[in-house]
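Single-structure report; data block below.
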Amino acid sequence: MAVNWGGLVGVIIFYGIILAIGLYASRRIKDKTSMEDVMLAGRNIGLFVGIFTMTATWVGGGFINGTAEAVHSNGLVWAQAPWGYSCSLIVGGRFFAKKMRESGYVTMLDPFQKKFGKRMGGMLFLPALSGELFWSSAILAALGSTFSVILDINKTASIIISACIAMFYTLFGGLYSVAYTDVVQLSCIGLGLWLSIPFAFTNEHVSSISLTKEDWLGSWDSRKSGIWVDYGFLLIFGGIPWQVYFQRVLSAKTARYAQILSYTAGAGCMFMTIPSILIGALGASTDWEATDYGRNATDSSLILPLVLQYLTPQGVSIIGLGAVCAAVMSSADSSLLSASSMFSRNVYKLLIRQDASEREILLIMRCSILVAGAIATTLAITIDSIYGLFHLCSDFVYVILFPQLLCVVYVEFANTYGSICAYFIGLLLRLGGGEEILGLKSFIKYPYYDEAEDLQLFPFRTFSMLISLGTLLSVSYLTRYLFTKEILAKEYDVLRCVTNQPDPEDAPKITMKTIEFDNEIPELKDGEKPKGVYNGNFNGMVNPGAEIEF
């Protein structure tokens, strides 16, 4: 297969547009040394840009390529990620967005470290990081697949090249850049994919999808109904505890905006998945040997770029393929920025160097982007299925992180003892179920386990999550009861999270009022307290514009 020079030129043009917009948007950062300005765009994301960037939380290269792959390989009935992640945005908006935004946090891990302590927050960083890395891997694998179709080069080489491009762009950093490129990303996907559908449908080598519906709809296997239910819950609730999502929530101007963005993005995800579903159906309805491709499309992960290149005119193909690459590139920067933001603030700043300056933290964040990109690249090369990565990236987030987030936000008595126990029990139960994608064999045989296929038919991920949640609640309640009733002496509260906490009377007093007054602080008389409007961020907890007295 010869290089598609037109497609290559289209990719370069789209990359150039994304990079130019990202650089232009980065100029909007008022203070490039401010952690809040870089990570959260100064909490100034408006409704229009916010809807686009929130929708792009999930709609990217992994989303559109993975959906087409799932429909082509297993059928629509098993393509759960599109509706699952769409529902996760709506559930997140209803139950978590308002509370998190009103609290003024900087990252998703802030409430964990506030309630469970800095070290426990650092441990919870690990499943959050694994989710972002697997998600980045899915994005890079999708981009590598698209490049390999366009350039006819080794897929490994194309993934490495793609990762280098994505990391280079991400180093410019800043949520402003990410948000503004997301606007272009969704526009490109909408134009490129929807434009290609009519041409692909009318291609002479494509049969009517109504005649091939058994191939692309898939068949229901009642024996695997537990697996279907398991993944359904995983995608809905495992799609919530993500920094890439809460970064948008926390950057919204108001808590109400954060909810609106979540609801709208959920609907947007469902709409944007339609062309990918149709492309998967078209791929299953095509006589590939009769096309210029000349052989059967056995690699389902390539089905979307194959349909665009071989079933549409060259001009449409260029727009479609370039749009996919631009979408993936814009998604990659978002995920890598999220992982590096959590590490630099919640691990480096709060655990390693508490006195680090904001300039130093931002330097660490940029170094973290390179490390995260290298790890994600390795995973993208060694794991074949884009859709497999798409599922796997939510596994540890669902089992370990979701119960912790639920308790942090809604359960007042949850404490560090419960958090630690839930963490390790959830991890053990999940790893015990095995993972084919990672080559991990099962060492816990759940009910209905299939010995011949080493397959867990029981919804063990959801079971593990519920046991983790129950452990957190029961251990937290038990330890609180034992210490507060003085059944256990106070000195045994070694984690200082029940009765051994610092006396609140010793803490500095901060009084907030909602009345308006001048920004200037007048000269103080003897005995007067200074007060004024605070325009910055006080430890991530005081909203700008609030009146404070010391």
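The values are calculated or read from the model by the stated rules, or taken from the named source; none is laboratory data. On a predicted model such as this, the values are computed, not experimentally measured, just so you know. A quick note on method: Cβ atoms are made from the backbone with ideal geometry, for glycine too, and the neighbour counts reach across all protein chains shown.
Restricting to the stretch 406-432, name every residue that is outside any helix (DSSP H, G or I) and either under 22 Å from the mean Cα position of the chain (by Cα) or crowded, with 23+ Cβ neighbours inside 10 Å (or both).
Once the filter is applied, which keeps residues that are outside any helix (DSSP H, G or I) and either under 22 Å from the mean Cα position of the chain (by Cα) or crowded, with 23+ Cβ neighbours inside 10 Å (or both), the stretch 406-432 yields ALA414, ASN415.
Tell me, which helices (runs of 4 or more DSSP H) wholly within the stretch 57-121 include 3 or more residues that are modelled with pLDDT of 90 or more and surrounded by fewer than 20 Cβ atoms within 10 Å (Cβ to Cβ)?
Output list reads 81-92, 98-102.
So ALA297 ticks every box in (1) farther than 21 Å from GLY61 by Cα; (2) assigned to a loop (DSSP other than H, G, I, E, B); (3) small (Gly, Ala, Ser) but one. Which box is left unticked?
Exception for ALA297: condition (1).
Within the stretch 7-32, which residues are of a type in the set (Ser, Thr, Tyr) and at pLDDT below 75?
As a first pass, look at the stretch 7-32 and keep what is of a type in the set (Ser, Thr, Tyr): 15, 24, 26.
Once the filter is applied, which keeps residues that are of a type in the set (Ser, Thr, Tyr) and at pLDDT below 75, the stretch 7-32 yields TYR15, SER26.
Evaluate the stretch 309-326: report whether one residue or more is within 21 Å of GLY218 (Cβ to Cβ) and buried (at least 22 other Cβ atoms within 10 Å of the Cβ).
Within the stretch 309-326, not a single residue is within 21 Å of GLY218 (Cβ to Cβ) and buried (at least 22 other Cβ atoms within 10 Å of the Cβ).
Going residue by residue through the stretch 232-243, is there one that turns out to be at pLDDT below 90, hydrophobic (A, V, I, L, M, F, W, C) and in a helix (DSSP H, G or I)?
no
Looking at LEU362, LEU401 in this structure, which one is touching a residue at least 12 places away in the same chain (Cβ under 8 Å), under 20 Å from the mean Cα position of the chain (by Cα) and under 28 Å from LEU140 (Cβ atoms)?
Values: LEU362 fails: under 20 Å from the mean Cα position of the chain (by Cα).
Just one listed residue meets the conditions, LEU401.
Might you check whether a residue that is more than 26 Å from SER88 (Cβ to Cβ) and touching a strand residue (DSSP E or B) at 6+ places or on another chain (Cβ under 9 Å) occurs anywhere in the stretch 173-196?
No, the conditions are met nowhere in the stretch 173-196.
Just to check your reading of the model, which residue among SER219, SER196, SER208 is over 30 Å from GLY426 (Cα atoms), buried (at least 17 other Cβ atoms within 10 Å of the Cβ), modelled with pLDDT under 95 and small (Gly, Ala, Ser)?
Just one listed residue meets the conditions, SER196.
Answer with yes or no whether LEU336 is touching a strand residue (DSSP E or B) at 6+ places or on another chain (Cβ under 7 Å) and not in a loop (DSSP other than H, G, I, E, B).
No: the conditions fail for LEU336.
I'd like the residue in the stretch 450-502 that is assigned to a helix (DSSP H, G or I) and of a type in the set (Lys, Arg) and, out of all such residues, is farthest from GLY238 (Cα to Cα).
Of the residues in the stretch 450-502, the ones assigned to a helix (DSSP H, G or I) are 460-484, 490-492.
Subsequent filtering for residues that are of a type in the set (Lys, Arg) retains 461, 480, 490.
On the way: ARG461: 10, ARG480: 28, LYS490: 37 Å.
Looking at residues that are assigned to a helix (DSSP H, G or I) and of a type in the set (Lys, Arg), I get LYS490.
If I filter the stretch 228-238 for residues that are of a type outside the set (Ser, Thr, Tyr) and without any contact (Cβ under 8 Å) to a residue 12 or more places away in the chain, do I get at least one hit?
Checking the stretch 228-238: not a single residue is of a type outside the set (Ser, Thr, Tyr) and without any contact (Cβ under 8 Å) to a residue 12 or more places away in the chain.
Among the candidates GLY426, GLY439, GLY434, single out the residue that is in contact with a Ser or Thr (Cβ under 7 Å, 6 or more places away or on another chain), at pLDDT below 90, within 30 Å of ARG223 (Cα to Cα) and not aliphatic (A, V, I, L, M).
Values: GLY426 fails: at pLDDT below 90; GLY439 fails: in contact with a Ser or Thr (Cβ under 7 Å, 6 or more places away or on another chain).
That would be GLY434, the only listed residue that is in contact with a Ser or Thr (Cβ under 7 Å, 6 or more places away or on another chain), at pLDDT below 90, within 30 Å of ARG223 (Cα to Cα) and not aliphatic (A, V, I, L, M).
Residues are listed down the side, and each one gets a yes or a no for (1) more than 12 Å from the chain's Cα centre (by Cα); (2) at negative phi:
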residue	(1), (2)
PHE112	yes, yes
GLY117	yes, no
GLY121	yes, yes
LEU129	no, yes
PHE134	no, yes
ALA138	no, yes
ALA141	yes, yes
THR146	yes, yes
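In the stretch 255-285, which residue that is more than 18 Å from GLY190 (Cβ to Cβ) and hydroxyl-bearing (Ser, Thr, Tyr) is surrounded by the fewest Cβ atoms within 10 Å (Cβ to Cβ)?
Within the stretch 255-285, the match that is surrounded by the fewest Cβ atoms within 10 Å (Cβ to Cβ) is TYR263.
Can we say GLU36 is modelled with pLDDT under 75, on the phi < 0 side of the Ramachandran plot, among the acidic types (Asp, Glu) and assigned to a helix (DSSP H, G or I)?
It is true that GLU36 is modelled with pLDDT under 75, on the phi < 0 side of the Ramachandran plot, among the acidic types (Asp, Glu) and assigned to a helix (DSSP H, G or I).
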